[in-house]
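In what follows, a single structure is set out as structure tokens and then discussed.
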Ligand SMILES: [Zn+2]
């Protein structure tokens, strides 16, 4: 067998194996409606054997998280699929994050899939993930992937996430060096906490001199084809 053919075959074998492994939780999440999870409200799923109290708490938290976003940004329009499991063994089929994860898929009508884990069953984490869903809904998949830097996306979500450990940004680092996931989510847990704090502080400063609804106007302009770097770094909101 020619060496190049062997390399090509090996590449196909390993890349498809990696692809399948990577996508297993994505597929499980995307097709949650065919699982044994209970739909306690439209598009809100909880793992089997959950108690009535756990179901009601989840419904209340989701409603309170939506209210928090409305209070901070004026409106909330996203309708993500929300999946919650308080049982780590079950949650791991959908997400390796015990707090929360927002999964953005192409061809999904900009509908996010949110997986809440056993440590994320609280208002801050749920509001944070719903805010990711809101940004995604407003800009769509391609803009989200191409235009929106990770520091911006996380900084916006942190505006409705009031956890104390993200309040003080002490890191001497440029937020612009955290454009991609491999930069933002890299480092010790202390460093990653500081990345979130830095992004939060940056977006807070950015919003301070703007109208209250500036974020949504900004996202609409991105959705209409404006480039992120041109808009974000200009002094005033001139669309
Ligand atoms: Zn986030």
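From the set of residues in the stretch 135-151 that are surrounded by fewer than 24 Cβ atoms within 10 Å (Cβ to Cβ) and farther than 14 Å from residue 225 by Cα, which is farthest from the ligand (Cβ to nearest atom)? Here the answer is 137.
Flag set for residue 120, criterion: within 13 Å of the ligand (Cβ to nearest atom), surrounded by 19 or more Cβ atoms within 10 Å (Cβ to Cβ) and over 12 Å from the mean Cα position of the chain (by Cα). Of all residues in the stretch 153-176, those that are within 11 Å of residue 124 (Cα to Cα) have Cβ atoms under 9 Å from Cβ atoms of residues that are more than 14 Å from the ligand (Cβ to nearest atom) and not in a helix (DSSP H, G or I), 6 or more apart or on another chain, in 163/122. If you check 123, 105, 58 for being in contact (Cβ under 8 Å) with a residue 60 or more places away in the chain and touching a strand residue (DSSP E or B) at 6+ places or on another chain (Cβ under 6 Å), only one passes: 58.
Conditions (1) under 18 Å from the mean Cα position of the chain (by Cα); (2) more than 16 Å from the ligand (Cβ to nearest atom); (3) surrounded by fewer than 18 Cβ atoms within 10 Å (Cβ to Cβ), marked per residue:
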| site | (1), (2), (3) |
| --- | --- |
| 47 | no, yes, no |
| 53 | no, yes, yes |
| 94 | yes, yes, no |
| 130 | yes, no, no |
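Restricting attention to the stretch 163-174, and to residues there that are surrounded by 14 or more Cβ atoms within 10 Å (Cβ to Cβ) and within 15 Å of the ligand (Cβ to nearest atom), which single residue is farthest from residue 65 (Cα to Cα)? Restricting to residues being surrounded by 14 or more Cβ atoms within 10 Å (Cβ to Cβ) and within 15 Å of the ligand (Cβ to nearest atom), the top hit is 166.
Condition first: assigned to a loop (DSSP other than H, G, I, E, B), within 11 Å of the ligand (Cβ to nearest atom), modelled with pLDDT of 95 or more and closer than 25 Å to residue 204 by Cα. Can you find one or more residues in the stretch 72-85 that meet it? Checking the stretch 72-85: not a single residue is assigned to a loop (DSSP other than H, G, I, E, B), within 11 Å of the ligand (Cβ to nearest atom), modelled with pLDDT of 95 or more and closer than 25 Å to residue 204 by Cα.
The values are calculated or read from the model by the stated rules, or taken from the named source; none is laboratory data. Keep in mind that this is a model prediction, so the values were computed, not measured. Counting neighbours? That spans all protein chains shown, and the Cβs are built from the backbone with ideal geometry, glycine included.
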